[in-house]
Amino acid sequence: MKRTLFKLSAAAAGALERVIEITATLVVTLTVTVPLLLVLLFRKLVTGTKIFTSKTIAGAGAMPIRVYQFNTINTPLCDLPLFFEVLTGRLALVGTAIKEWNLSDATPENGYIGMMKPGIISLWDVRQSSKIAHEGQLSIEWEYIFKKHPFYDFMLLLRALPAMLYSEKNKTASSIFRLLDIDLRNLTMVEAVTLIGTNLAQKKQCTIYFANPDCFNKMISDRDYFTILKTGDYIFPDGIGLVIAGKMLQTPLKENINGTDMLPYICRMAASKSHSIFLLGGKPGIAQKAGEKISASYGVSLAGTAHGYFDHQTESDAVIETINNSGAAILLVGFGAPLQEKWISRHRHQLKAEVLMGVGGLFDFYSGTTKRAPAWVREIGFEWIYRILQEPGRMWRRYVVGNPLFLYRVMKWKVFSHEIESIHANAITVKPHGA
């Protein structure tokens, strides 16, 4: 009886999922795909430009299937013909990520994933759009498979809508992302952690800062902070605001690199190389609690902790001596920006740790004092809204006023810097009369 009920419920869920697929596909087809098809047909009649391009992708069972795309500039609109494949049943609306067919992909790790029907929308694509696909495609695909359910697929479909705002199609990302005269390292999480590991292996001291929209707003009026960011060893882009800025400037970010997401990777790397960490900052007891949880979760050795409520003018030397005596290779400083960056910059030559990292409110998250936004909230770029709901009195000005102000400054800087570049270009190309 239970087996029969299970089969009936599974069949009902499958039928409901198919109804949702067909309904959503018909809406998109009638409102967007068909009108664009008519426009491209008219273009073909006028210019002779072909309407479609084709490619071979891996379908269900890893079998090759040929699909068609609109022959348009690289935008999400070129994928609209894929919705016809949802109607035929060769593709799903929500599924694993669509990949070009490659015989070399037939590995045991990809075997079960390849049996799934690929979808126009996937968890991998959503996380890539919001630049938080740190785990890599294989891990994210497995996560989707374990969570797959009609309701989960429906919620993923909804999450894909805002995530589309951040997506970029086939744009080459530079290794340096220049923003408001600050050079940020444009790397994946794996590349960033590898870079830090190289400094540790070479015993080369480096400073690591994370810059979010609030940091850029603060540096406008705080020139000392601007200079510190300008001369820091590694500055990483933090937050959905930087993702939007990258899209505005047509210099896409590889990933959103923030200290909270980076910490597990840093700790696992440090544990594998027998490096220890020291946590400095937060209210009394917070760093200790966070350190114990971090050590238990990631296996890294905890060299020591200290709170941040000390006189930075008169007591810093004693704190530095404690840190140095601990033998820590990695120092995490959580005073909040720009205080932490200024403290690191002022005392870096006294500190023996190879990695000096400003981590803001990270200890509050890992100690459990502050709850971090769920993954689905971060996937749609709304973590800032979650923070406002947690601490409206402290956070509303930072986000409600600060975020639009930051984007205004980005646009102003973009226009102004392009004008300067144009003037310089004209000065070089236009020679004086008689030269």
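The values are calculated or read from the model by the stated rules, or taken from the named source; none is laboratory data. Every value quoted in this text rests on a predicted model; they were computed, and no experiment measured them. Don't worry about glycine lacking a Cβ; one is built from the backbone with ideal geometry, like all the others, and counts go over all protein chains shown. All accessible areas refer to the heavy atoms of the entire protein, side chains included, with ligands and DNA or RNA removed. Shrake-Rupley method; radii C 1.70, N 1.55, O 1.52, S 1.80 Å.
Structure notes:
- From the list 41, 26, 5, the lone residue that is hydrophobic (A, V, I, L, M, F, W, C) and at pLDDT below 90 is 5.
- Cross-chain or 6+ apart pairs with Cβ under 9 Å, segment 89-102 first and of a type in the set (Ser, Thr, Tyr), then assigned to a loop (DSSP other than H, G, I, E, B) and open to solvent by less than 70 Å² (accessible area, probe 1.4 Å): 96/116; 96/122
- Residues (assigned to a loop (DSSP other than H, G, I, E, B) and of a type in the set (Val, Ile, Thr)) located in segment 181-234: 188
- Of note, residue 238 satisfies the criterion of being under 26 Å from residue 385 (Cβ atoms) and without any contact (Cβ under 8 Å) to a residue 40 or more places away in the chain.
- When each of 331, 356 is tested for being in contact with a Lys or Arg (Cβ under 7 Å, 6 or more places away or on another chain) and buried (at least 21 other Cβ atoms within 10 Å of the Cβ), the lone residue that passes is 356.
- Exactly one residue out of 226, 210 is under 25 Å from residue 380 (Cβ atoms) and among the aromatic types (Phe, Trp, Tyr), and it is 210.
- There is at least one residue in segment 200-216 that is touching a His at 6+ places or on another chain (Cβ under 9 Å) and either open to solvent by less than 60 Å² (accessible area, probe 1.4 Å) or modelled with pLDDT of 95 or more (or both).
- Test: residue 251 is open to solvent by 10 Å² or more (accessible area, probe 1.4 Å) and among the β-branched types (Val, Ile, Thr): yes
- Condition check for residue 84: open to solvent by 70 Å² or more (accessible area, probe 1.4 Å), touching a Ser or Thr at 6+ places or on another chain (Cβ under 8 Å) and part of a helix (DSSP H, G or I): yes
- Within segment 336-381, being part of a loop (DSSP other than H, G, I, E, B) and polar (S, T, N, Q) holds for 350, 369, 370.
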